Amino acid sequence: MTHRILVYLFLCISLLGLASLPAAAADSTNPGSGYIVVTNPPVADFFASNQHGSPPFVVSFADTSLGYTPMTYAWDFGDGTTSDRENPTHTYKADGEYTVSLTVTNQYGSDTKTVDGFIAVGNPPVTDFSAVPLEGTFPLTVSFTDTSANKPTAWNWDFGDGGLSAEMNPTHTFMQPGIYTIQLKVSNIFGSDTISKTSLISVGSPAPSTAPTPGTPAQERREGIIGLIQEAKGPAATNLPASAYIPAQFMALAAVITSIAVLVIQIIVANIGFIWQIILKFLKFFADLIGGHAIEKLSEKEIAARKLAVRKMEQHYFGLSATEVLVIEIAIIIVALAFMLADRAELTLDMVLIYIAVGAVSVLLHDFAHRYFATKHGQDADTRFWGLGTVIMFVTAWLFGNAFGASYRNLVNRTDDENPRTIGIEMVAGPVVSIILTFVFLAMVMLGGVWAIAGGIGFTINLITAVYSLMPIETMDGLAIWRWNKSLYLALFIPIFVFYCAVFMLI
């Protein structure tokens, strides 16, 4: 019993001691209570609602400091203004980058956080640019320069031909003809802006018939008729097979001599049975030529050897038979190809079509001038393909850059007692038309563009055709004109031949 009483008293005393502890703990903030409290100073930190924008730029700041609850705040917004609020709002009125700092303090200490360039104030860019050059022939290299305001930091160029660039000031090469719209988008941290300049860059095709040959100096362009002829005939072809033996200024004359020589050789070979007689016949040819009888005789032999005779055919198309229409069509294509070879022109669809169109006008008008007077005089005419003339055209075009020849010829069924005047009028019509076309095409050069290209081609074709057809050989028109009216022949042949030599040898 006594033991139980003692245990009970011990428990009561223990409970009374524990009951006194909360009161003592509640007074722990009082230094005089005999208790010691240990804690840390605050750790400063903050954030902003937005860090960049355009003035006036309003920013809301918020304290996010760590540690024991701070007692005071000291903000410095970097533009000369401060605040002691916990979560202030501040307005930036000028462009610039601003350093922000926050100092927090409590009874245990203080801490400061500073962020350089924390706030950026500015404006979005205003896009603009320039380009040089704005036009030219392809390949055209253009330099672009960004002139945008408000300091863009990123660039996106669209050149309109599929080309793109992210450079500030790019260079771009346009490889195809066309009109191009250029677009530029620029941006910075404050925003972006885009500008499109419609049809800014104009890229054209080079003119092969008038452009200087790469690797050779361009000939200085003169004024007046000399400059016009210079532009019409274009530059002389370089690296010709005959360049190593014949000076460039004599190429056109070499084409004439070669053409006549081929005809003479063909006539001589047709009249010589054995090779060893060639020299004798050649000497006899020149002896007879001085006497004025060889050409007619050799021409008759050549025609007989080739069995050329006028054919009676039904006419369907403008006085032409179907066969003659086909011959003329082939002749037009041959003329176009021969002169393209002579000019060393670029073999593109556009250029081929221009040469064919100009060749068609030149060939048809020359031929119809002949046929008009032949039919008017009641004669039967026949247009034949001329293989030898075609060969001469391509040989002279390849060797000398001058297609001197003809791909077809007209035959007329004549009688021995036919009036020389009638024949002369028929023969002179073709060369006269070619002479007129020579100067018509020359005038076209002044129109520029495609007209200038066509004019230069037509000028060359008709000048050569006029000179070639006036040669005093039976297979040409010149001999019949000479027999009819020597004064008229000289009045036509001498000026046009001198002009031909001046164009291709002097100008």
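What do you reckon, is G215 at positive phi, at pLDDT below 70 and surrounded by fewer than 16 Cβ atoms within 10 Å (Cβ to Cβ)? Full working, then the answer.
Working: at positive phi: yes; at pLDDT below 70: yes; surrounded by fewer than 16 Cβ atoms within 10 Å (Cβ to Cβ): yes.
Taking the combined requirement at face value, the residue satisfies it.
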Legend entry - Flag if S60 is under 30 Å from S187 (Cβ atoms) and either among the basic types (K, R) or at pLDDT 85 or above (or both): yes
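Of the residues Y68, Y98, which single one is aromatic (F, W, Y), in a strand (DSSP E or B), out of contact with any helix residue (DSSP H, G or I) (no Cβ under 8 Å at 6 or more places or on another chain) and surrounded by 13 or more Cβ atoms within 10 Å (Cβ to Cβ)?
Values: Y68 fails: in a strand (DSSP E or B).
Going through Y68, Y98 in turn, the sole match is Y98.
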Restricted to region 107-146 and to residues being among the polar types (S, T, N, Q) and within 28 Å of V59 (Cβ to Cβ), the residue least open to solvent (accessible area, probe 1.4 Å) is T127
All-but-one check, I461 against (1) open to solvent by 20 Å² or more (accessible area, probe 1.4 Å); (2) within 20 Å of V440 (Cβ to Cβ); (3) of a type in the set (A, V, I, L, M), failing number (1)
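Out of region 466-488, which residues are out of contact with any Pro (no Cβ under 8 Å at 6 or more places or on another chain), assigned to a helix (DSSP H, G or I) and either of a type outside the set (A, V, I, L, M, F, W, C) or open to solvent by less than 50 Å² (accessible area, probe 1.4 Å) (or both)? I'd like the intermediate steps shown before the answer.
Our first condition is that a residue be out of contact with any Pro (no Cβ under 8 Å at 6 or more places or on another chain); within region 466-488, this holds for 467-468, 471-476, 485-488.
Of the ones still in play, those that are also assigned to a helix (DSSP H, G or I) are 467-468, 486-488.
Selection gives V467, Y468, K486, S487.
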Contact list, first residue from region 133-146 and under 16 Å from M175 (Cβ atoms), second anywhere and of a type in the set (S, T, Y) and open to solvent by 60 Å² or more (accessible area, probe 1.4 Å), beta-carbon distance below 8 Å, six or more apart or interchain, is T137/S205; F138/S205; T141/T171; V142/T171
Taking S192, is it modelled with pLDDT of 85 or more, out of contact with any Ser or Thr (no Cβ under 8 Å at 6 or more places or on another chain) and in a strand (DSSP E or B)? yes
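Within region 147-169, work out how many residues are surrounded by fewer than 18 Cβ atoms within 10 Å (Cβ to Cβ) and without any contact (Cβ under 8 Å) to a residue 40 or more places away in the chain. Give the derivation first.
Keep residues of region 147-169 that are surrounded by fewer than 18 Cβ atoms within 10 Å (Cβ to Cβ), which gives 147, 149-151, 153-154, 156, 158, 161-169.
From what is left, the residues that are without any contact (Cβ under 8 Å) to a residue 40 or more places away in the chain are 147, 149, 151, 153-154, 156, 158, 161-169.
The number of residues fulfilling the criteria is 16.
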Scanning region 425-450 for residues that are within 20 Å of P472 (Cα to Cα) and not β-branched (V, I, T) gives E426, M427, A429, G430, P431, S434
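Anything in region 343-353 that is surrounded by fewer than 24 Cβ atoms within 10 Å (Cβ to Cβ), part of a helix (DSSP H, G or I) and modelled with pLDDT under 85? List them, or say none. If you could, list the steps in order and put the result at the bottom.
Taking region 343-353 and keeping what is surrounded by fewer than 24 Cβ atoms within 10 Å (Cβ to Cβ), we get 344-353.
Subset that is part of a helix (DSSP H, G or I): 349-353.
Listed by number, the residues that qualify are L349, D350, M351, V352.
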Those residues of region 423-441 that are open to solvent by less than 10 Å² (accessible area, probe 1.4 Å) and not small (G, A, S) come to a total of 3
Within region 364-392, the count of residues that are open to solvent by less than 10 Å² (accessible area, probe 1.4 Å) and at pLDDT 75 or above comes to 1
All conditions in (1) closer than 23 Å to K151 by Cα; (2) in a strand (DSSP E or B) are true of P55 except (2)
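The values are calculated or read from the model by the stated rules, or taken from the named source; none is laboratory data. This is a predicted model, so every value here is computed, not measured. For neighbour counting, all protein chains shown are included, and Cβ atoms are generated from backbone atoms with ideal geometry for every residue, glycine included. We work out accessible area using only protein heavy atoms, side chains counted, and drop any ligands, DNA or RNA first. Shrake-Rupley method; radii C 1.70, N 1.55, O 1.52, S 1.80 Å.
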